[in-house]
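Quick notes on the structure that follows.
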Ligand code: ACM
């Protein structure tokens with residue numbers, strides 16, 4: 001059996017055992033006429049439409065259903081301007097024009113089933129069934145079916161959907177150490193994650209350049225460690241130039257609780273990251289006695305990797321255990337992320353204390369000392385009933401017995417960990433680092449560098465084919481990461497996040513056999529107005545029909561462009577100058593002279609109906625025929 005078919009069958013879960021008997025290909029090849037993202041596991045279009053109006057009523061089976069109906073109403077109020085009456089019972093047979101939210105029990109521990117739902121839309125009624133999380137996801141599906149610009153009545157296509165996720169960890173990471181964001185920003189971020197069925201928010205809370213979480217036992221972490229005297233000016237990392245502007249801030253424990261609760265309502269687990277033993281310079285600025293050398297230390301102002309890390313002293317363990325105890329009291333999820341990445345060993349090499357521990361514990365090198373450090377932290381975390389996750393460097397010197405590995409330097413770390421029987425989250429830089437630009441071009445240069453197109457994100461398969469079935473089962477999910485060294489404005493983070501988050505959502509949720517990039521692109525078009533409505537500074541994609549390189553075979557090349565966002569205008573130049581709104585507006589296919597041996601450059605600016613401007617996109621047209 002091919003992997004895809006196996007995956008489809010295993011992901012089907014209890015809700016669709018009766019579907020398995022039908023030929024698989026028929027279901028898989030049915031063209032999608034809905035525009036849902038992520039694409040559901042199974043959808044069968046029916047006849048007719050349900051008319052959702054202010055007369056529609058919501059029946060709820062219990063308290064869980066009542067909560068989901070409430071969330072549905074909150075959203076309806078925003079888009080349609082009304083709330084629907086909620087009736088706390090099951091409808092009898094004479095009822096029509098209703099949505100029934102019906103809770104099904106999930107079997108403990110079966111996350112795939114807990115997140116599954118069945119949604120049936122018929123002309124006279126809608127029924128949504130699932131356990132708490134599944135019903136929530138079904139609610140998001142239903143909300144995605146309501147047109148963005150619906151008036152007082154929304155027509156919903158009759159359909160029967162049976163859906164469940166491919167992975168249990170569908171993550172988005174956000175670095176607030178380098179640049180932090182407001183509470184409103186985080187809530188908006190969580191709203192979008194939920195709308196696209198992502199369920200894990202990895203909150204990177206400590207860094208060399210800033211400690212961002214209030215810890216009551218160690219007030220200097222935020223009094224001192226949350227503030228740096230300046231930041232790197234532009235790209236002047238080496239040689240360093242500072243911007244001269246003090247920067248800082250942190251989240252209070254009350255704010256942290258608010259984020260955790262807000263996320264929980266949306267079935268998102270917040271995984272805090274407290275970096276150790278490296279990326280700790282802000283903590284050492286506050287408590288220099290935790291380092292191997294006397295200090296003093298400054299909160300870092302430059303971007304990079306820093307030599308000063310926690311010394312493996314008893315004082316460091318007392319500190320870290322107290323910090324992690326407070327962190328665990330704030331974050332109820334099972335996982336604590338302890339970082340573990342990019343740890344220079346220079347200070348440990350030169351430290352008598354570190355070298356004594358290595359002799360005492362028969363550790364061969366500093367990598368084994370790091371492993372010893374992390375094992376000790378893991379033992380503490382496990383003793384509190386929690387699980388440790390770290391970046392793939394935690395493999396070096398030997399993995400802690402129960403650790404989960406987040407594979408970022410490619411997939412090798414994840415593969416090695418899965419082969420050792422450890423759980424893995426795939427997050428390789430090649431496909432998951434959203435600080436890389438989304439395309440070529442000057443305005444794509446906000447991030448750390450590199451290029452990661454939405455197509456490449458979409459193409460990612462987090463389960464390496466070289467693993468056997470048992471090892472593949474250890475791949476628990478996938479995550480996109482956003483590092484904010486160069487993203488010092490919230491709209492920059494949004495630009496880097498959207499629309500790639502939608503592609504990652506489909507990687508994380510949708511069974512491989514149901515993925516299809518051209519179908520995704522078609523569905524994506526209808527999501528831009530939703531991103532706009534949510535007030536997100538998403539990246540406006542390249543116009544359709546505009547490849548980066550064109551090899552013309554004739555003297556004239558004809559190019560038809562398609563607006564990337566409905567109703568947008570496109571302005572272009574062919575003379576090497578940057579287009580603006582006074583340039584030629586595109587109305588008809590362009591006849592571009594392409595003399596042999598010469599190069600023409602088409603540059604296009606897109607302006608959305610709301611007036612947002614795209615990055616300038618280029619096509620180079622070459623005629624390779626000899627003159
Ligand atoms: C990382 O990107 N340093 C995990």
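Evaluate the following for residue 467: is it within 16 Å of the ligand (Cβ to nearest atom) and part of a loop (DSSP other than H, G, I, E, B)?
So residue 467 fails the test.
Residue-by-condition table, conditions (1) out of contact with any helix residue (DSSP H, G or I) (no Cβ under 6 Å at 6 or more places or on another chain); (2) free of Cβ contacts under 8 Å to residues at least 40 places away in the same chain; (3) in a helix (DSSP H, G or I):
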{"residue": "523", "(1), (2), (3)": "yes, no, yes"}
{"residue": "529", "(1), (2), (3)": "yes, no, yes"}
{"residue": "532", "(1), (2), (3)": "yes, no, yes"}
{"residue": "538", "(1), (2), (3)": "no, no, no"}
{"residue": "546", "(1), (2), (3)": "yes, no, no"}
{"residue": "551", "(1), (2), (3)": "yes, no, no"}
{"residue": "554", "(1), (2), (3)": "yes, no, no"}
{"residue": "558", "(1), (2), (3)": "yes, yes, no"}
{"residue": "567", "(1), (2), (3)": "yes, no, no"}
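Considering only residues that are farther than 16 Å from residue 547 by Cβ and assigned to a strand (DSSP E or B), look in the range 588-603 and name the one that is modelled with the lowest pLDDT.
The extreme case among them is 593.
Search the range 408-421 for residues that are more than 14 Å from residue 398 (Cβ to Cβ) and pair each with any residue that is within 15 Å of the ligand (Cβ to nearest atom) and assigned to a loop (DSSP other than H, G, I, E, B) when their beta-carbon atoms are under 6 Å apart and the residues are at least 6 apart or on different chains.
Listed by first residue and then by second, the contacts come to 408/427; 410/428; 411/428.
Between 345, 322, which is closer than 13 Å to residue 373 by Cβ and surrounded by 14 or more Cβ atoms within 10 Å (Cβ to Cβ)?
The unique qualifying residue is 345.
If we keep just the residues of the range 463-486 that are closer than 27 Å to residue 305 by Cβ and out of contact with any helix residue (DSSP H, G or I) (no Cβ under 7 Å at 6 or more places or on another chain), which is surrounded by the fewest Cβ atoms within 10 Å (Cβ to Cβ)?
Filtering the range 463-486 for residues that are closer than 27 Å to residue 305 by Cβ and out of contact with any helix residue (DSSP H, G or I) (no Cβ under 7 Å at 6 or more places or on another chain), the one surrounded by the fewest Cβ atoms within 10 Å (Cβ to Cβ) comes out as 486.
Are any residues in the range 253-281 in contact with a strand residue (DSSP E or B) (Cβ under 6 Å, 6 or more places away or on another chain) and more than 16 Å from the ligand (Cβ to nearest atom), and if so, which ones?
Correct list: 260, 263, 268, 269, 270.
Kindly provide the set of residues from the range 374-431 that are part of a strand (DSSP E or B) and away from the ligand (no atom under 16 Å from the Cβ), ordered by number.
Correct list: 387 only.
Kindly check whether there is at least one residue in the range 362-373 that is assigned to a helix (DSSP H, G or I), more than 16 Å from the ligand (Cβ to nearest atom), touching a strand residue (DSSP E or B) at 6+ places or on another chain (Cβ under 6 Å) and modelled with pLDDT of 95 or more.
no
Given the structure, is residue 449 surrounded by fewer than 23 Cβ atoms within 10 Å (Cβ to Cβ) and in contact with a helix residue (DSSP H, G or I) (Cβ under 9 Å, 6 or more places away or on another chain)? First the steps, then the outcome.
Numbers: surrounded by fewer than 23 Cβ atoms within 10 Å (Cβ to Cβ): yes; in contact with a helix residue (DSSP H, G or I) (Cβ under 9 Å, 6 or more places away or on another chain): no.
The answer is no for residue 449.
Test residue 493 against the stated conditions and say whether it is at pLDDT 95 or above and within 15 Å of residue 428 (Cα to Cα).
So residue 493 does not fit the description; no.
Every residue in the range 487-516 that is in contact with a strand residue (DSSP E or B) (Cβ under 9 Å, 6 or more places away or on another chain) and surrounded by fewer than 21 Cβ atoms within 10 Å (Cβ to Cβ), please.
488
Per-residue answers, yes or no, for (1) surrounded by 14 or more Cβ atoms within 10 Å (Cβ to Cβ); (2) in contact with a helix residue (DSSP H, G or I) (Cβ under 7 Å, 6 or more places away or on another chain):
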site	(1), (2)
160	yes, no
193	yes, no
210	yes, yes
213	yes, yes
226	yes, no
236	no, no
247	yes, no
253	yes, yes
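Looking only at the range 119-140, decide whether some residue is surrounded by fewer than 17 Cβ atoms within 10 Å (Cβ to Cβ) and in a helix (DSSP H, G or I).
No, every residue in the range 119-140 fails to be surrounded by fewer than 17 Cβ atoms within 10 Å (Cβ to Cβ) and in a helix (DSSP H, G or I).
Residues that are touching a helix residue (DSSP H, G or I) at 6+ places or on another chain (Cβ under 6 Å) and buried (at least 18 other Cβ atoms within 10 Å of the Cβ): does the range 49-58 have at least one?
yes
Within the range 604-624, identify whether any single residue is modelled with pLDDT of 95 or more and more than 30 Å from residue 187 (Cβ to Cβ), and answer yes or no.
Checked the range 604-624: at least one residue is modelled with pLDDT of 95 or more and more than 30 Å from residue 187 (Cβ to Cβ).
Name the residue, out of 265, 222, 232, that is over 22 Å from residue 377 (Cα atoms) and within 24 Å of the chain's Cα centre (by Cα). Outline the logic, then answer.
Values: 222 fails: within 24 Å of the chain's Cα centre (by Cα); 232 fails: within 24 Å of the chain's Cα centre (by Cα).
From the options 265, 222, 232, the qualifying one is 265.
I'd like to check something: does the range 143-158 contain any residue that is assigned to a loop (DSSP other than H, G, I, E, B) and under 15 Å from the mean Cα position of the chain (by Cα)?
Keep residues of the range 143-158 that are assigned to a loop (DSSP other than H, G, I, E, B), which gives 146-153.
Still in the running and under 15 Å from the mean Cα position of the chain (by Cα): none.
Among the residues of the range 143-158, not one is assigned to a loop (DSSP other than H, G, I, E, B) and under 15 Å from the mean Cα position of the chain (by Cα), which makes the answer no.
Which residues, taken from the range 432-441, are in a loop (DSSP other than H, G, I, E, B) and either within 16 Å of residue 478 (Cβ to Cβ) or within 16 Å of the ligand (Cβ to nearest atom) (or both)? Step through it out loud before you land on a result.
So the first thing to find is which residues in the range 432-441 are in a loop (DSSP other than H, G, I, E, B), and the list is 434-436, 438-441.
Within the range 432-441, 434, 435, 436 qualify.
Looking only at the range 600-627, count how many residues are closer than 23 Å to residue 439 by Cα, surrounded by fewer than 12 Cβ atoms within 10 Å (Cβ to Cβ) and over 37 Å from the mean Cα position of the chain (by Cα).
Residues meeting the conditions: 0.
Does the range 334-357 hold any residues that are away from the ligand (no atom under 16 Å from the Cβ) and either in a helix (DSSP H, G or I) or within 15 Å of residue 395 (Cβ to Cβ) (or both), and which are they?
Within the range 334-357, 346, 347, 348, 349, 352, 353, 354, 355, 356, 357 qualify.
With the checklist (1) within 16 Å of the ligand (Cβ to nearest atom); (2) closer than 27 Å to residue 182 by Cα; (3) modelled with pLDDT of 95 or more in hand, flag the one item residue 449 doesn't pass.
Among (1) within 16 Å of the ligand (Cβ to nearest atom); (2) closer than 27 Å to residue 182 by Cα; (3) modelled with pLDDT of 95 or more, residue 449 violates only (3).
Residues are listed down the side, and each one gets a yes or a no for (1) farther than 22 Å from residue 307 by Cβ; (2) in a helix (DSSP H, G or I):
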{"position": "187", "(1), (2)": "yes, yes"}
{"position": "218", "(1), (2)": "yes, no"}
{"position": "239", "(1), (2)": "no, no"}
{"position": "256", "(1), (2)": "yes, yes"}
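Of all residues in the range 377-396 being in contact with a helix residue (DSSP H, G or I) (Cβ under 7 Å, 6 or more places away or on another chain) and within 17 Å of residue 348 (Cα to Cα), which is surrounded by the most Cβ atoms within 10 Å (Cβ to Cβ)?
394
For the structure I just gave you, tell me whether residue 575 is surrounded by 11 or more Cβ atoms within 10 Å (Cβ to Cβ), out of contact with any helix residue (DSSP H, G or I) (no Cβ under 7 Å at 6 or more places or on another chain) and either touching a residue at least 60 places away in the same chain (Cβ under 8 Å) or not in a strand (DSSP E or B) (or both).
No; evaluated as a whole, the condition is false for this residue.
The values are calculated or read from the model by the stated rules, or taken from the named source; none is laboratory data. Given the structure is predicted, the values throughout are model-derived calculations rather than measurements. A quick note on method: Cβ atoms are made from the backbone with ideal geometry, for glycine too, and the neighbour counts reach across all protein chains shown.
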